[in-house]
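The values are calculated or read from the model by the stated rules, or taken from the named source; none is laboratory data. Being a predicted model, the structure only gives us computed values, none of them experimental. Every residue, glycine as well, gets a Cβ built from its backbone with ideal geometry; the counts of neighbours run over all protein chains shown.
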Amino acid sequence: MQCPKCRAPMQTYNRNGVQIEQCNGCRGIFLDYGELEALTRLESQWAQQAPPAAPPAAPAPAPAPQAYPAAQPPAWGAPQPGHGHHGHYRHQSFGRMLFSS
Amino acid sequence: MTTSVIRELTATARAAAHGPYAECACPARPAVLADRADGTVVRHGGTVAKAHAPDADREGLAARLAVAAHPALASVLLAPLDLPAAELDGRPVTCWPHGTPVDPEAPQDAPWEAAGALLARLHATPVEALPGPLPEMRGPHKAALAVDRMRRTRPPEAVAAVVEGAWSALPPWARAESAPPGPPHLCHGDLHLGQLVRHPAPHGPWHLIDVDDLGLGNPAWDLARPAAWYAAGLLAPDDWLRFIGAYGAAHGPAVPSDADPWPVLDVPARALTVQTAALAVAKATAARRELDEAELALLDACDRMAAVPPELPAGAAK
């Protein structure tokens, strides 16, 4: 699709399972119906996981700086991280791969 | 490499350990640690001698050795022994203190935090302070060599097409066809678990070894091999987070400290995925065997890349 603001082509990226369109020109982002809600839902799920739980009156706990963004593999990554081949150190081939160029 | 050259390299290591005429009472027998076309490594006691590739860039190697010997990097890179330049059978030879490597039988104990922190310090080293001129980091060049090696083995067309598709979608800099984006940093160029040793052996702090590919480049390249393993579903998420978390905690400059690192890692991680897949295909084709599970995971990742164009780093097209 074309960017509604600057008319440059937009590319589709997958962010945390949500498809977003980003403009190659102005870097603006376009969200389809329901996608903002999907992102908000992911954010709140993640905030709930962040220890320790804050008391109800206190502001929401600040996000752990590293865990959230780095944990998400790219859109071309293996589906279901953590449930695929992950952690196959006992797999001889990956064991060798860890030590070679 | 011929036995005689290994014997001579062993003699070099022995002489570096004891001096040329001293008697040797080392209990351990000399050991060949590696024997490949691009590097033969022999250990004698506390000393290691390495014969580099015959076509190694001599000036580049001298500059890389000077960096490894520089005090600014004493706690990051293992320093070479201070010996005059030598050659053996047309290959440059260097000598190093022996360090204790990561146990290949226990990769689950790999020092991911140390790897991340060492790279952060390497990348943050001010380049002006180092002896130069520094050559380019050879990472993208090695990716191109891997694809070339795959082509020469003439693999099955369908397999080659997957790797070639992912390779051709990469921007020119990741295929060693143009300069990398961003300010140049000092980079290792070939990070894997075989590039870490404890020195002094066996309990000293971890150091990075092997400066053959070291030079100026895009520092995200050094994070990209673990990133590629993680993206392919091979490296456990915990290990990936230990590595990238330690890099961020040590203020590594390759990725933003407070935002998603993947826009920066995307292209280098794709390139390392292609490189590793290409080498796997080359080896499997030469050995007339099928790809195994880990190798197929990398090929699958190459296949999935076709559906998602490479990310532009923030600000690249503004």
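Quick notes
- Pair list, Cβ under 6 Å, 6 or more apart: segment B:130-156 residue farther than 24 Å from B:ALA69 by Cβ, other residue polar (S, T, N, Q): B:ALA143/B:GLN275; B:ALA146/B:GLN275; B:THR153/B:THR285; B:PRO155/B:THR285
- Residues located in segment B:67-81, provided they are assigned to a loop (DSSP other than H, G, I, E, B) and either touching a residue at least 24 places away in the same chain (Cβ under 8 Å) or of a type in the set (S, T, N, Q) (or both): B:HIS70, B:SER75, B:VAL76, B:LEU78, B:LEU81
- Positions within segment B:60-96 being among the charged types (D, E, K, R) and within 18 Å of the chain's Cα centre (by Cα), in sequence order: B:ARG64
- B:LEU291 vs. criteria within 8 Å of another protein chain (Cβ to nearest Cβ) and in contact with a helix residue (DSSP H, G or I) (Cβ under 9 Å, 6 or more places away or on another chain): no
- Within segment B:31-55, the set of residues being under 16 Å from B:ALA201 (Cβ atoms) and outside any strand (DSSP E or B) comprises B:GLY45, B:GLY46.
- Test for B:TRP262: is it at pLDDT below 95 and of a type in the set (A, V, I, L, M, F, W, C): yes
- Checked against (1) farther than 30 Å from B:ALA51 by Cβ; (2) more than 10 Å from every other protein chain (Cβ to nearest Cβ); (3) among the aliphatic types (A, V, I, L, M); (4) in a loop (DSSP other than H, G, I, E, B), B:ALA259 meets all criteria but (2).
- Test: residue in segment B:137-154 that is β-branched (Val, Ile, Thr) and touching a helix residue (DSSP H, G or I) at 6+ places or on another chain (Cβ under 6 Å): yes
- Residue within segment B:180-193 that is more than 22 Å from B:PRO80 (Cα to Cα), part of a helix (DSSP H, G or I), touching a residue at least 12 places away in the same chain (Cβ under 8 Å) and in contact with a helix residue (DSSP H, G or I) (Cβ under 6 Å, 6 or more places away or on another chain) present: no
- Scanning segment B:82-138 for residues that are touching a strand residue (DSSP E or B) at 6+ places or on another chain (Cβ under 7 Å), within 14 Å of chain A (Cβ to nearest Cβ), surrounded by fewer than 20 Cβ atoms within 10 Å (Cβ to Cβ) and not in a loop (DSSP other than H, G, I, E, B) yields a count of 1.
- In the set B:ASP57, B:ASP35, only one residue is outside the structural domain of B:PRO133 (by TED's automatic domain parsing), surrounded by 14 or more Cβ atoms within 10 Å (Cβ to Cβ), free of Cβ contacts under 8 Å to residues at least 60 places away in the same chain and of a type in the set (Asp, Glu); that residue is B:ASP35.
- Residue check, B:ARG270 more than 7 Å from chain A (Cβ to nearest Cβ) and assigned to a helix (DSSP H, G or I): yes
- Boolean, B:ALA232 is at the interface with another protein chain (Cβ under 10 Å from one of its Cβ atoms), small (Gly, Ala, Ser) and surrounded by fewer than 24 Cβ atoms within 10 Å (Cβ to Cβ): no
- Matching residues, segment A:80-101, being modelled with pLDDT of 80 or more and either outside any loop (DSSP other than H, G, I, E, B) or more than 7 Å from chain B (Cβ to nearest Cβ) (or both): A:SER93, A:PHE94, A:GLY95, A:ARG96, A:MET97
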